[in-house]
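The block underneath contains the structure these notes are about, expressed in structure tokens.
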Amino acid sequence: MKAEAQASGGTAARALPDGMLPSQRALFDIPREICYLNAASWSPLPIATQEAGRLGVARKGKPWAIEPTLPQQQFERARRAAARLINAETEDVALISSVSYGVATAAKLITVPASSRVLVLENDHSSAVLEWATRACAGRFTIEAVPRPQDGDWTAAVLAAIEKPGAAPVALASISSVHWADGGVVEIDRVDAGLRRQGAMLLIDATHAVGVMKIDVRRLDPDFLVFPTYKWLLGPYGRAFLYVAKRRQDGVPLEQTSYGRRAINSERETYYRDTEFVAGARRFDMGERDHFISLEMASIGMEMMVQWGCDAIQQRLGMLTARLADGLPNSGASIPDASVRAPHILSLQFPAGMPEHLIDRLAAEHIYVAPRIGRMRISPHVYNDEEDIDRFVAVFRRLSAP
């Protein structure tokens with residue numbers, strides 16, 4: 001290990017800034033030999049989150065012992081944690097199952113005018129794209145995929161698409177704030193300003209930003225913002241959150257639930273006492289939200305992220321990806337400029353093509369990264385440390401050498 005670290009180009013000599021958040025590896029069950037650099041696919045669960053899951057399953061095993069107030073406490077705990085991550089009011093946040101669920105909800109709440117454009121990013125994640133593609137023919141609007149820019153500057157590319165001379169007006173941009181495949185950043189505040197000049201709507205898939213990059217929906221004021229917990233927020237599958245701007249909260253939810261109405265109560269003699277919708281985004285909560293096992297697990301991860309703070313997390317992860325970049329010159333891979341990429345994702349492009357079976361050969365040495373659209377995506381999180389980075393650099397150089 002020491003020999004490989006020395007061969008990595010001297011990255012181990014980098015001094016850490018004073019006060020930097022240290023590695024949180026001790027909070028996770030990650031053996032030392034495991035070098036997991038794939039948070040952008042799914043994160044390991046903290047030990048405390050795993051324990052909460054076990055306790056939740058035990059509760060379900062003895063449902064007669066569940067306190068009647070527990071589910072409601074869990075709903076609001078998770079809603080508060082999610083709201084804090086994006087500086088939202090809790091009543092503007094809905095409990096949902098996935099990003100695609102949130103986008104489908106948004107699509108039911110708005111009308112995209114005929115002969116207008118919906119902007120998406122080229123090869124953006126399907127969750128932010130397919131709902132609009134499915135509706136385009138019947139709605140007689142067009143989907144325009146903003147091509148990936150050669151210089152990696154997604155922000156400039158989106159702004160150019162918004163202002164394209166002679167093009168149909170933009171009705172909606174449904175875009176990720178960080179591109180899932182290449183880690184490119186879209187400066188949402190600048191894009192939002194461009195959309196407002198056309199009176200267009202904005203839906204943000206913030207999957208790869210919330211918790212790491214500062215998001216303030218009160219300042220940005222998007223129409224919708226959606227994010228899951230199973231990647232950067234250290235949580236389980238099947239839990240996500242949808243922010244709905246107040247101006248979009250009067251519509252009909254994707255699912256019809258008793259708790260989305262003012263007074264449908266199985267404990268009262270009159271079951272359908274008041275079927276008017278509740279106020280705020282709670283009406284958009286998914287069906288079967290009462291799966292409080294995973295909801296408590298999601299809350300713990302989000303609360304950890306809030307406690308550390310996105311500034312500290314971003315500084316930590318930015319240091320790790322910079323350390324990676326410093327160790328990879330002349331390695332056969334090109335790296336986007338730091339000015340256009342997220343601080344926590346590094347995407348390697350191979351001009352001559354990725355070496356055959358490179359991902360599998362890294363995994364055979366317990367180093368885990370992801371292939372994404374011809375690139376290698378490396379995504380460290382708070383459980384990674386400098387030893388992980390130096391080990392990746394050394395092994396990568398050895399395995400990718402001609």
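Bear in mind these aren't lab numbers, they're just calculated from the coordinates by the rules spelled out. The model shown is predicted, which means the values in this text are computed figures rather than measured ones. Quick reminder, even Gly has a Cβ in these numbers, built from the backbone with ideal geometry, and neighbours come from all protein chains shown.
Structure data summary
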| item | result |
| --- | --- |
| Dimensionless Rg over Rh [the chain; C-alpha; Kirkwood] | 1.00 |
| Positive dipole terminus of the chain, leading residue within A58, W42, I335 (C-beta point charges) | A58 |
| Table column - 3J(HN,Hα) (Hz), the stretch 253-268, Karplus curve with 6.51, -1.76, 1.60, x for Gly and Pro | x, 5, 10, 9, 10, 5, 6, x, 10, 5, 7, 10, 9, 6, 8, 9 |
| Relative contact order [Cα under 8 Å, 6+ residues apart], the chain, whole percent | 26 |
| Amide proton proximity set for V170, modelled H, under 5 Å, gap of 5+ | R117 |
| Inter-label distance, nm, simple model (7 Å from Cα along the C-beta direction), K214/E91 | 2.8 |
| Alpha-carbon centroids, the stretch 255-291 and the stretch 104-123: separation in whole Å | 28 |
| Förster radius 45 Å - calculated FRET efficiency between R196 and E288, Cβ distance, rounded to 0.05 | 0.75 |
| Extreme residue, positive dipole direction of the chain, given options V99, S258, A145 (C-beta unit charges) | S258 |
| Pairwise Lys count, the chain - Cα closer than 27 Å, eight or more residues apart or different chains | 5 |
| Theoretical gain in end-to-end length, I110 to D189 [0.36 nm per residue, Cα-Cα removed] | 26.3 nm |
| Computed [θ] at 222 nm, helices only, for the chain once each DSSP H run of length n ≥ 4 contributes -39500 (n - 2.57) | -10500 deg cm²/dmol |
| Cβ-derived FRET efficiency at R0 30 Å, S41 paired with I66, nearest 0.05 | 0.35 |
| Two-site FRET efficiency, N330 against S126, from Cβ-Cβ distance with R₀ of 30 Å, rounded to 0.05 | 0.25 |
| Net charge of neighbours whose Cβ lies under 12 Å from the Cβ of I373, counting Lys and Arg as +1 and Asp and Glu as -1 | +1 |
| HN-Hα J in Hz across the stretch 179-192 - Karplus 6.51, -1.76, 1.60, θ = phi - 60°, x for Gly and Pro | 5, 5, 8, 10, x, x, 9, 9, 6, 4, 5, 5, 5, 4 |
| Simple Cβ-charge dipole of the stretch 52-306, Lys/Arg +1 and Asp/Glu -1, about Cα centre, in debye nearest 20 | 420 |
| Label zone at S339 (point 7 Å along Cα-to-Cβ), backbone N below 17 Å, the stretch 179-217 | 184-188, 190 |
| Positive-end extreme of charge dipole, the stretch 29-144 - chosen from N87, W132, Q73 (charges on Cβ) | Q73 |
| Inter-probe distance in nm under a simple model that places probes 7 Å from Cα toward Cβ, at D29 and H366 | 1.6 |
| Within the chain, percent of DSSP bridges classed antiparallel, to nearest 5 | 55 |
| Chain lengthening between A352 and E386 when straightened (0.36 nm per residue, less Cα-Cα) | 9.3 nm |
| Pairwise centroid distance, computed over Cα atoms, of the stretch 318-361 with the stretch 162-187, Å | 24 |
| Gyration tensor (alpha-carbon) shape descriptor, the stretch 121-197, a/c threshold 1.5 | oblate |
| Whole-Hz couplings from phi, Karplus 6.51/-1.76/1.60, listed for the stretch 300-316; x for Gly and Pro | 4, x, 5, 5, 4, 5, 4, 5, 5, x, 5, 4, 5, 5, 5, 5, 4 |
